[in-house]
Amino acid sequence: MNYNKDISFYLRYNKDMKIEEAIEKFLEFIISELNYSQITKVDYENDLNIYKEYLKLNNLDYLNLTKQDIMNFMKYLESLKYTSKSVSRYLSTLRSFYNYLIEIKVIDNNIFKRIRNPKVAKKLPNYLNIVEIEEILDKEKEDNKKSIRNKCLFELLYSTGIRVSECSNIKLKDIDYNEHTIRVIGKGNKERIVYYGETLADILNKYLKIRKEFVKMENDYLFLNEKGMQMSRESIDYVLKKMNEKNGNKHSMSAHTLRHSFATHLLDNGADLKSVQELLGHENLETTEIYTHVSNARLRKVYLECHPNKNRK
C-alpha cells in the first residue's frame, strides 16, 4: 500500500479518536486516495467491524494493544471456524488500517507488523474437465431466454477466466465485438483486457438478440436478472449451481470453479505461466503457480495409469 502521498490534506487527529471515526476515515481514504473498489471497501469494513466488536466485548483499547491481545483475537477467529486464509486476510486488513493510523499521527508504531500470518495449507483448486464443461453446456437447450442467458454466462466465465465480480460489472460498452475483447475492472480497480473466441461470440450474439426481453428500464449491464437489474455475484453463482445440478454433478461448481478450469486447461494445452497470470489478472506470479500443481498432478496420474513400466523394479 502506498502512503507516500501529501498527507497535509488530512487532519492530525489526537490520541482520543474513537475507533468508529478511525474506521470511517480509513474507508474514505482507500476509496478517495487509493482508488480501491466498493467491493474491497465492503470487505475491509466487514473485517474492521468484527474486530471492533471483539475489542468492545473484551474491553480493549484499539490504540493500546499487546501482542498477546492480537494472538487472542486470532484464536477467537479460529474458534468461529475461520480458515487460516481468512485469518490472514483479517491481519492484512488490520495492518493496512494501522499503517493509516500512523500516517494521520494517531499512533507511532504498527503492532500488527510483529504478527506472523498463520500458515495456509495450499489447497489444489477444484476444476472441471473438458467433458464436464461440454455436458453442462449441452444441457442448456437455448429454448428460452433464461437458458440462452445462462449458457452465455457460463461460456463467458469459462472462455475468459474472469472473476464473478468482474463478470457482474461488465457493461455493453466494455465489449469490442470486432476484436473479440472485453474490458474488465479487477481487484484494486485495475483494468485489463481479456479475449474470447468464436464459440463465445456465437452464444453472445444470440443472447444480445434476446437481452431486450430482460430489460425493464435503461440498463447498460451485460447480464440482467428477471427484474431487469444487474446480476449480482450471488445470483450468478446461483445460476451456475442450478446448471450443475441439472447435469447431475456431485461436486459443487461456482464462477471460481470455471476460473480454475480456464487456467488449468490453458496450461494443459501449452500456455506459458506468465500469459496465464496476465489473463487472470494476478498481481503475483506465485498466485498463478498453484495451477502448475494441478497440471502436474494430472500428468502424474496419467503416467501412473498408462506407463507400462510404472511398477518395474
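The values are calculated or read from the model by the stated rules, or taken from the named source; none is laboratory data. Computed from a predicted model, the values in this text were never measured in an experiment. Don't worry about glycine lacking a Cβ; one is built from the backbone with ideal geometry, like all the others, and counts go over all protein chains shown.
Looking at the range 274-291, which of the residues that are more than 15 Å from Arg163 (Cα to Cα) and modelled with pLDDT of 85 or more is surrounded by the fewest Cβ atoms within 10 Å (Cβ to Cβ)?
Here the residue is Lys274.
Can you tell me how many residues within the range 244-255 are crowded, with 16+ Cβ neighbours inside 10 Å, modelled with pLDDT under 90 and part of a helix (DSSP H, G or I)?
So the count comes out to 1.
Does the range 209-223 hold any residues that are surrounded by 14 or more Cβ atoms within 10 Å (Cβ to Cβ) and either free of Cβ contacts under 8 Å to residues at least 24 places away in the same chain or assigned to a loop (DSSP other than H, G, I, E, B) (or both), and which are they?
Within the range 209-223, Phe214, Asn219, Leu222, Phe223 qualify.
Rundown of residues vs (1) in a helix (DSSP H, G or I); (2) of a type outside the set (D, E, K, R), yes/no style:
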{"position": "Gln68", "(1), (2)": "yes, yes"}
{"position": "Arg95", "(1), (2)": "yes, no"}
{"position": "Ile102", "(1), (2)": "yes, yes"}
{"position": "Asp108", "(1), (2)": "no, no"}
{"position": "Arg116", "(1), (2)": "no, no"}
{"position": "Asn126", "(1), (2)": "no, yes"}
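Which ones in the range 224-235 are over 19 Å from Glu166 (Cβ atoms) and surrounded by 14 or more Cβ atoms within 10 Å (Cβ to Cβ)? Working first, answer last.
First pass over the range 224-235, keeping only residues over 19 Å from Glu166 (Cβ atoms): 226-228.
Gly228, the sole residue that qualifies.
Could you say which residue among Ile136, Ile182, Ile193 is crowded, with 20+ Cβ neighbours inside 10 Å and either within 15 Å of the chain's Cα centre (by Cα) or modelled with pLDDT under 95 (or both)?
Going through Ile136, Ile182, Ile193 in turn, the sole match is Ile136.
What number goes with the only condition from (1) closer than 22 Å to Val164 by Cα; (2) out of contact with any Asp or Glu (no Cβ under 7 Å at 6 or more places or on another chain); (3) surrounded by 13 or more Cβ atoms within 10 Å (Cβ to Cβ); (4) modelled with pLDDT under 90 that Asp268 does not pass?
(1)
Can you report the number of residues in the range 152-196 which are farther than 16 Å from Leu258 by Cα and among the small types (Gly, Ala, Ser)? Walk me through it before giving the result.
Step one: list which residues in the range 152-196 are farther than 16 Å from Leu258 by Cα, which gives 169-193.
This time we only want the ones that are among the small types (Gly, Ala, Ser), so: 186, 188.
Final tally of qualifying residues: 2.
All but one of (1) among the acidic types (Asp, Glu); (2) touching a Gly at 6+ places or on another chain (Cβ under 9 Å); (3) over 30 Å from Leu34 (Cα atoms) hold for Glu142; state the number of the condition that does not hold.
(2)
Looking only at the range 162-208, count how many residues are assigned to a loop (DSSP other than H, G, I, E, B) and free of Cβ contacts under 8 Å to residues at least 24 places away in the same chain.
3
Results for (1) closer than 18 Å to Phe29 by Cβ; (2) surrounded by fewer than 14 Cβ atoms within 10 Å (Cβ to Cβ); (3) free of Cβ contacts under 8 Å to residues at least 24 places away in the same chain, shown as yes or no for each residue.
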| site | (1), (2), (3) |
| --- | --- |
| Asn59 | no, yes, yes |
| Asn64 | no, yes, yes |
| Lys67 | no, yes, no |
| Tyr76 | no, no, yes |
| Tyr82 | no, no, yes |
| Lys85 | no, yes, no |
| Leu94 | yes, no, no |
| Leu101 | yes, no, no |
| Val106 | yes, no, no |
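Could you say which residue among Tyr221, Tyr207 is over 22 Å from Glu134 (Cα atoms) and aromatic (Phe, Trp, Tyr)?
Tyr221
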